[in-house]
Every structure is written in C-alpha cells, then in structure tokens.
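One structure below.
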Amino acid sequence: MSTVRRPDHRNEHRAARGGHATGLRHVLTHLITPLLMCVGMGLAYLGAFAHPAPHHLPVAVVGQGRSAQLLAQSINDKAGGDLDVRTVGDRSAAVERLKHQDIFGAYVISAHGAKGAAGMGGTADATVVKGASHGADSRAGEAGEAGALSASAGTSGAGGAAGPGKPAPELLVATAASDTSATVVQKVFTPIAAQQGAPLKVTDVAPTAEDDPTGQGIFFLLVAISIGSYASVAVIGGAGAVLPLRLRAALALGTSFVVGLIGAAFAGPVFHLVDHGLGGLWGMAWLYSAGILLIGTGLHTFLRRWTTLGVMTLFVMLNFTSSGGIFRPEMQNGFFAALHSFWNGAGFVEGTRSHVYFGGYGLSGHVWTLVWWLVVGLVTVGAAALAEKRRRTAEAEAAAHAAAVAAAAVAATVPDPDPDPAPERSGRPVRTAGGAAAAGHGSAEAAAELAGETEEEMEEAVGV
C-alpha cells in the first residue's frame, strides 16, 4: 500500500520567512537614500533660512559734515556689528553705490533735520535691528505688499506731509538687489525719521519687473532649471549606462540646451519675470545647466547608486541656500555667505540680476563663475573616461584569464586522438552537448547577476 507524502509546512514557512527577511533588508538598504536626503535638506534649509539676521549689512548715511558722521557712528555702535554704516557725500553718489550693490540702503538726511539727526541715532539700537531681521523670513513671501507699502510711503513723503520748509528724510533702496534686505533697512531707519516728526520717503532706485514685485522669481527660476538638470543626470546615468561616455556627455550638453530654453520661456513669455535681456538670461541658464549635467554625468561613474544623493547635495542643499535668491549673504551665517562667493547658483542669480537690473555691472565675474563650474564638469567627465577605460581594460584581462583557465581545463579532460573512437572500448569520457551547456551555465548565471545589478543601480539612480 503506497503512502501519500504531505508537504513539509515547516520548511515552507522557513523559506517564506527567509524570503521576507531578504526583501526587508533590500527595502531598508534603499531607504537610506531618502532618509539622508531628509536630514540634508533639513540641515541646509533650516540652517540657512530659519534665523536670518544682518551681519555687517552695508548701508549709508548721506550728508556732509559732522552731523552725518555722528549719526553713522551712533548707528554702528548701537547695531553691534549687524550693520556696516558709512557716510556718502551726496545723493547721486549713494544711488551709484546702490546700483553697484556696494550698499543696500542710503538714508538722506534732510537739511532741516541734520542737526538733530546725530542725537537720534540711538533709536536704531540693537532691538530695532534684531526686530527687522526677525521678521525678514515672513516678509520673504509678502514682499509684494512691502513694495506697495514702500511706494505709498514715498508718495506720502513727497506729498508734503512734512510741511513747507521741512522736507522729509529719504531712504534710497534697490529692491532688485534683495527685497528682504531693503525691508530690513527700511525698518532700521523708519524710527530715526519718526524722531524728526516726518514720515520716511522711500525711493526705489532699482525696482523689479512689474510681474515680479518681490524679485524672487529669479530664485524660483533657478529651482526649475536645477531640477530639470539634476533629474536628467539620473536618466542619462541610469538608462544611458550602456552608452559610451562621449555619447552621454553629448546628451548632457544637448539636454542643457533644452533646459536653458525652457528657463528662458518661463522668464519671458510665460511669467514675464524679466522685460528685457532674455538672450543673456538663456546663455547663463545654459551654462548653469551644462555644468550640473556634466558634473553629474561624470560623477555617476564613481558614485553609481549614490549619484542622486550626490547631485542633490551639491545643487539643491548647498546651492539653493547660498544663491542669495531669498536672503543675501549679509543676512546669513558665515558658511552660506562664503558659499555665495563661488557657488554656481549664486552665479546664476546674481548674474541675472546684474544683467537685467543693474546695467551689467559685475556681470563678467558671475559669468566666469558659471564657466568655471562648466570646466569642472568637463574635468569630471575626463576623469570618468579614464576610470571607465581602466575598468574595461581590467575586465578584458580578467575575461582573457578566465578563458585561458577554461581552455586549460577543457584540454585536460579531452582525450588524445585514438585510432579506435568507439567509446565503449576506449573507456574515456566523451564531451557531449549537454556537458558544453553545463559548462556555460556558470557564465549565464554571471550575466543574469550582472543584469540584476544594472537594473538595481538604474532604479537607485532615478530615486526609486
């Protein structure tokens, strides 16, 4: 009587648990990347934007004589290093310095109130300065309202509220350089004007485009171009991994051309962020995007699955926060202020501001910043080409060695020629097609394993 074997449920459960454990380890390994992104973004954004405060923010008191010098010195003493107050001889010189972004506010003392202004500098004490900086982050999203307030203040001041023979003090600002800095400066000097019994007249010597009242549209344009660039790195590095590096580099340059066109379309006909200089903006957008794409394409050879995290660290966490699009370096701590001097996002934002609003003053320096990042991208691609060449050479040598070992093994098992080929009389093994298939089984498994690794790497590259 035959017995029916039942499946061993314990073995099945063990196998299932083993499969679940393997899958869980795989998922946990992949979760490392988004968790690191979360930590990095929090440290970068909160570290750069959470507590903006002026650090030696350059402003000026416009006037001649001892009264202007005393007022500037008094504000400097009370600000405790938050402001860097200097004197400027006349209004035209102050306007010129504002357009060169040497200062970010200029207080023009009225002739009638010049004598009393020196004694009123104490009103711009540390409390006023700290209060101005404390509200800067909330005003970053409300700068359109602040601009309207400034305009109304200018109108009321010009309208003669101060009365005949008592001209209102005037504050010169350039919102195109930084709306948040202009707002902080206005809060510092408003109490001083109030002590003179006159409303503060605010004059914007470098206003932004009508459809970009805060001037921060350039920053969000930077965000769009950056995302289009580093996301394309994932596709070129992952899906294009089978292509030669020179072709991947060509794809990167072509993609940057398209990304630059998209950025120019957003800035011009779509959202009207700028009203002139669109060709120059496209050129800087292309330089900026090409640098990111070439650096990312080259880094993929070395970082593989960590490429996405690498480019996000370089071109999001450190880039957006140091660009000056929300707060200028004078409103940030020393780390991000230092990055602003040479990072590519700052080169694009400041270059666009210079090109569109300040008559090209300082533009060449910002363009050179973008060019140097492009050069870094070319160098990175060159280093990647050398690394891939060495890797191919090593793989070819390993394959040749393996083929030689396999040939030697086959030669050892194949018998010498026998005049009597009958297998039953020779007693020697005969190599069959099945044996050849078995010999090739190992290489097939290796190819399958390599394909699996490539697929997993591609998933990591696109952020899966």
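The values are calculated or read from the model by the stated rules, or taken from the named source; none is laboratory data. These numbers come from a predicted model, not from an experiment. Reconstructed Cβ throughout: ideal geometry from the backbone, glycine too, with neighbour counts over all protein chains shown. Accessible surface is based on the protein model in full, side chains and every heavy atom, while ligands, DNA and RNA are left aside. Shrake-Rupley method; radii C 1.70, N 1.55, O 1.52, S 1.80 Å.
At a glance:
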{"quantity": "Among GLY325, LEU339, THR308 - extreme Cα towards positive end, dipole of segment 263-408, charges at beta-carbon", "calculated": "THR308"}
{"quantity": "Apportionment of accessible area to carbon and sulfur, segment 232-383, percent (1.4 Å)", "calculated": "77"}
{"quantity": "Unit charges on C-beta of K, R, D, E only; dipole of segment 164-236, Debye", "calculated": "320"}
{"quantity": "For ASP212, solvent-accessible area (1.4 Å; no DNA, RNA or ligand), Å²", "calculated": "10"}
{"quantity": "Amide H contacts of THR87 (H built 1.01 Å from N, under 5 Å, at least 5 apart or other chain)", "calculated": "VAL61"}
{"quantity": "Calculated from backbone phi, Karplus (6.51, -1.76, 1.60) coupling profile of segment 192-206 in Hz, x at Gly/Pro", "calculated": "5, 5, 5, 5, 8, x, 9, x, 7, 8, 9, 10, 9, 8, 9"}
{"quantity": "Options LEU221, LEU243, ALA194, ranked by Cα towards positive dipole end of segment 179-253, top entry (Cβ charges)", "calculated": "LEU243"}
{"quantity": "Inter-part distance where segment 312-350 and segment 19-95 are each reduced to a Cα centre, Å", "calculated": "10"}
{"quantity": "Alpha-carbon centroid distance for the pair segment 373-415 / segment 222-297, whole angstrom", "calculated": "33"}
